[in-house]
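Student: Encoded as structure tokens, here's the structure I'll be asking about.
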Amino acid sequence: MITKFIKRILRRDPMVKHTQANNTGAPKRISKKSHRIDPHLLSKNAVKVTDTLQQAGYEAFIVGGAVRDLALGISPKDFDVATNATPDQVQKLFRKARLIGRRFQIVHVTFFGKGHPEIIEVSTFRALLDNAGDHVAESGRILRDNVWGSQGEDAARRDFTINAMYYDPSSETVLDYHGGMADMQKKTLRMIGDPAKRYREDPVRMLRAVRFAAKTGFDLDSATRAPIAKLGKLLNDVPSARLFDEILKLLMSGYSWAAIQGLKEAGLHHGLLPLLDHILDDGEASKGANSFVKLALANTDQRIQSGKSVSAGFLFATLLWPDLLKNWKANIAKGVANIPALHDAMDDTIATQSSGMTIQRRFESDMREIWSMQPRFERRVGRYPYRLIESPRFRAGYDFMLLRCATGELNPAIGQWWTDFIEADTVGQDELMASVKNESGNNASPTKRRRRRKPKAALPPEGASS
Ligand code: ATP
Ligand code: MG
């Protein structure tokens with residue numbers, strides 16, 4: 001009897017113990033009649049993935065944000081699939097499948113069709129990692145997350161109840177483990193489990209709370225909101241690259257202005273993005289900055305909501321512009337010449353920002369290019385405009401300049417002049433150049449306009465005979 005009992009204890013694997021200890025329970029099955037998900041909003045490729053996995057004998061569901069968006073009647077921007085097949089088993093079933101990640105291993109299944117290729121992210125049901133030794137740091141932050149578990153465990157380790165629903169396209173059924181559908185109806189964003197513990201495991205969840213609240217317009221449940229004020233500082237421990245990714249998602253959510261207000265209300269912006277500190281100050285001095293950033297973000301939100309692309313470099317260039325402008329003016333006041341003053345200001349602005357969250361290099365160089373183009377828009381003399389229009393990042397610099405016109409920082413007539421210049425033919429462009437001369441009393445041009453000389457007949461390459 002005793003030996004039987006000991007054997008049973010020894011056989012028990014820790015994963016099963018978690019399941020029992022956390023009482024993940026049975027999910028609520030929600031039929032098509034109640035969830036009203038429109039199958040037309042599904043990605044055909046995502047359905048191909050669940051079908052293929054199911055035909056191979058595995059469980060497979062569309063999961064996470066896609067189910068949330070489908071239930072809201074929104075077309076999801078990407079689709080994640082969850083399955084009980086391991087990454088290796090998944091990979092064997094698809095032609096274009098790649099294993100991604102170490103801390104959190106998943107499989108990317110790529111489909112090529114018309115337009116952009118579509119990637120379906122397939123992840124294996126994860127186990128809960130309570131007391132899982134080397135998987136969890138002292139602060140409670142999860143370091144590695146590749147222990148497979150049951151679907152119930154997988155649901156319990158997701159962040160919000162509305163993000164923990166599983167949709168099976170073949171039966172059109174939703175499996176809801178944590179009352180996500182009821183929270184959707186109540187328009188509530190609720191963290192699964194003990195919110196403080198979940199934020200300690202992964203402080204980025206605090207930023208996700210703000211992002212989803214802005215995106216859905218839902219209220220944060222009070223227990224979900226309460227610990228954020230105290231735990232916000234844990235974001236300092238998150239690796240900069242991860243923070244950057246999450247902030248970028250927040251800014252690119254299509255609801256960036258609302259999300260930034262949400263960050264402020266939650267007290268999360270300080271230190272995280274030094275640029276936001278003064279933008280979000282309500283003082284008189286920040287009014288101009290505020291309107292520039294507000295306009296830039298409204299512009300970004302509009303583009304994203306209408307399915308257009310937005311460059312991250314452009315976005316960060318706008319967010320940091322008020323700070324840059326302040327530094328630029330201060331340098332000029334110290335007697336530094338205009339252009340060197342701008343370049344010094346760029347270095348200072350970027351250095352201040354990097355003390356909070358480093359912006360990736362490739363975006364930094366885009367930002368520098370956009371910024372350094374700005375004074376060139378005011379130099380409408382000689383060959384300058386003809387050269388500027390040919391620079392590879394001209395379009396971004398021009399859009400940025402138009403924003404400056406819209407807030408009145410730059411004379412809107414300059415913006416209009418450039419819009420006309422872009423659209424004009426050569427004769428029209430010459431006329432526009434002449435109009436600037438006339439505008440400023442015929443002496444605007446310190447340099448005579450030089451016509452590009454016709455290239456001399458090229459010398460034949462060496463050894464060529466004519
Ligand atoms: P989006 O519309 O931005 O893609 P999403 O909910 O799909 O929103 P993802 O970052 O794509 O967000 O994550 C997919 C799912 O994985 C989430 O819905 C959630 O269930 C789970 N998840 C992602 N990040 C976390 C996290 N930090 N902690 C717990 N669960 C997470
Ligand atoms: Mg997603």
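The values are calculated or read from the model by the stated rules, or taken from the named source; none is laboratory data. Quick caveat, the model's predicted, so the values are computed rather than measured. Note that each Cβ is placed from the backbone with ideal geometry, even for glycine, and that neighbours are counted across all protein chains shown. Please note that ligands, DNA and RNA were not included when accessible areas were found on the heavy atoms of the full protein model with its side chains. Shrake-Rupley method; radii C 1.70, N 1.55, O 1.52, S 1.80 Å.
Student: List pairs: first residue in the stretch 89-101 and under 14 Å from Glu118 (Cβ atoms), second residue in a strand (DSSP E or B) and hydroxyl-bearing (Ser, Thr, Tyr) anywhere in the structure, Cβ distance under 6 angstrom, at least six positions apart or on different chains.
Tutor: From residues that are under 14 Å from Glu118 (Cβ atoms), the pairs are Lys96/Thr110.
Student: Could you check, for the stretch 105-115, whether at least one of its residues is of a type outside the set (A, V, I, L, M), modelled with pLDDT under 95 and either within 13 Å of ligand 2 (Cβ to nearest atom) or in a strand (DSSP E or B) (or both)? Give the derivation first.
Tutor: Quick first cut of the stretch 105-115, residues of a type outside the set (A, V, I, L, M) only: 105, 108, 110-115.
Adding the requirement that they be modelled with pLDDT under 95 leaves 105, 112-115.
Adding the requirement that they be either within 13 Å of ligand 2 (Cβ to nearest atom) or in a strand (DSSP E or B) (or both) leaves none.
Checked the stretch 105-115: no residue is of a type outside the set (A, V, I, L, M), modelled with pLDDT under 95 and either within 13 Å of ligand 2 (Cβ to nearest atom) or in a strand (DSSP E or B) (or both).
Student: Name the residues in the stretch 38-71 that are of a type in the set (A, V, I, L, M), open to solvent by 10 Å² or more (accessible area, probe 1.4 Å) and under 22 Å from His116 (Cβ atoms), would you?
Tutor: Matches in the stretch 38-71: Leu41, Leu42, Val47.
Conditions (1) under 17 Å from His269 (Cα atoms); (2) aliphatic (A, V, I, L, M); (3) assigned to a strand (DSSP E or B); (4) within 16 Å of ligand 2 (Cβ to nearest atom), marked per residue:
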position: Met184; (1), (2), (3), (4): no, yes, no, no
position: Ala196; (1), (2), (3), (4): no, yes, no, no
position: Val210; (1), (2), (3), (4): yes, yes, no, no
position: Thr224; (1), (2), (3), (4): no, no, no, no
position: Lys230; (1), (2), (3), (4): yes, no, no, no
position: Lys233; (1), (2), (3), (4): yes, no, no, no
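Student: Given Met367, Met357, Met401, Met373, which one is open to solvent by less than 10 Å² (accessible area, probe 1.4 Å) and in a loop (DSSP other than H, G, I, E, B)? Can you show your working first?
Tutor: On the way: Met367 fails: in a loop (DSSP other than H, G, I, E, B); Met401 fails: in a loop (DSSP other than H, G, I, E, B); Met373 fails: in a loop (DSSP other than H, G, I, E, B).
None of the other options fit; the residue is Met357.
Student: Between a residue in the stretch 329-346 that is touching a residue at least 24 places away in the same chain (Cβ under 8 Å) and any residue that is assigned to a helix (DSSP H, G or I) and polar (S, T, N, Q), which pairs come within a Cβ distance under 8 Å, given they are 6 or more apart or on different chains?
Tutor: Pairs that qualify, where the first residue is touching a residue at least 24 places away in the same chain (Cβ under 8 Å) and the partner is assigned to a helix (DSSP H, G or I) and polar (S, T, N, Q), are Leu342/Asn331; Leu342/Ser372; Leu342/Gln374; His343/Ser372; Met346/Ser372.
Student: Something else now. Pairs under 6 Å by beta carbon, first residue within 13 Å of ligand 1 (Cβ to nearest atom) in the stretch 102-131, partner aliphatic (A, V, I, L, M) and outside any strand (DSSP E or B), six or more apart or different chains?
Tutor: Every condition considered, the pairs that remain are Ile120/Ala46; Ile120/Val49; Val122/Val90; Leu128/Ala156.
Student: Can I ask one more? Name every residue in the stretch 329-342 that is under 20 Å from Tyr398 (Cα atoms) and either among the charged types (D, E, K, R) or surrounded by 15 or more Cβ atoms within 10 Å (Cβ to Cβ) (or both), in order of residue number.
Tutor: Leu342 - this is the single residue of the stretch 329-342 that is under 20 Å from Tyr398 (Cα atoms) and either among the charged types (D, E, K, R) or surrounded by 15 or more Cβ atoms within 10 Å (Cβ to Cβ) (or both).
Student: Residues that are assigned to a helix (DSSP H, G or I) and either modelled with pLDDT of 95 or more or more than 16 Å from ligand 2 (Cβ to nearest atom) (or both): does the stretch 116-133 have at least one?
Tutor: Of the stretch 116-133, the ones assigned to a helix (DSSP H, G or I) are 133.
Subsequent filtering for residues that are either modelled with pLDDT of 95 or more or more than 16 Å from ligand 2 (Cβ to nearest atom) (or both) retains 133.
Yes.
Student: Would you point out which residue out of Asp176, Asp183 is open to solvent by less than 10 Å² (accessible area, probe 1.4 Å), within 13 Å of ligand 1 (Cβ to nearest atom) and over 24 Å from the mean Cα position of the chain (by Cα)?
Tutor: Testing whether each residue is open to solvent by less than 10 Å² (accessible area, probe 1.4 Å), within 13 Å of ligand 1 (Cβ to nearest atom) and over 24 Å from the mean Cα position of the chain (by Cα) leaves just Asp176.
Student: For the stretch 411-425, what are the residues that are open to solvent by 10 Å² or more (accessible area, probe 1.4 Å) and hydrophobic (A, V, I, L, M, F, W, C)?
Tutor: Hits for the stretch 411-425 are Ala413, Ile414, Trp417, Ile422, Ala424.
Student: Which residues, taken from the stretch 344-354, are surrounded by 15 or more Cβ atoms within 10 Å (Cβ to Cβ) and either out of contact with any Pro (no Cβ under 8 Å at 6 or more places or on another chain) or over 16 Å from Thr318 (Cα atoms) (or both)?
Tutor: Those that are surrounded by 15 or more Cβ atoms within 10 Å (Cβ to Cβ) and either out of contact with any Pro (no Cβ under 8 Å at 6 or more places or on another chain) or over 16 Å from Thr318 (Cα atoms) (or both): Asp344, Ala345, Met346, Asp348, Thr349, Ile350.
Student: If you don't mind, another one. Could you list, in sequence order, all residues of the stretch 72-98 that are assigned to a helix (DSSP H, G or I) and either open to solvent by less than 30 Å² (accessible area, probe 1.4 Å) or within 12 Å of ligand 2 (Cβ to nearest atom) (or both)?
Tutor: Pro87, Val90
Student: Right, next: Here is a list of conditions, (1) in a helix (DSSP H, G or I); (2) crowded, with 16+ Cβ neighbours inside 10 Å; (3) at pLDDT 50 or above, and Lys33 meets all of them except one; can you say which number that is?
Tutor: Among (1) in a helix (DSSP H, G or I); (2) crowded, with 16+ Cβ neighbours inside 10 Å; (3) at pLDDT 50 or above, Lys33 violates only (2).
Student: Okay, next question. Just give me the residues in the stretch 49-71 being in a loop (DSSP other than H, G, I, E, B) and more than 14 Å from ligand 1 (Cβ to nearest atom), in sequence order.
Tutor: Step one: filter the stretch 49-71 for residues in a loop (DSSP other than H, G, I, E, B), giving 56-59, 64.
Of everything in the stretch 49-71, those that are in a loop (DSSP other than H, G, I, E, B) and more than 14 Å from ligand 1 (Cβ to nearest atom) turn out to be Ala56, Gly57, Tyr58, Glu59.
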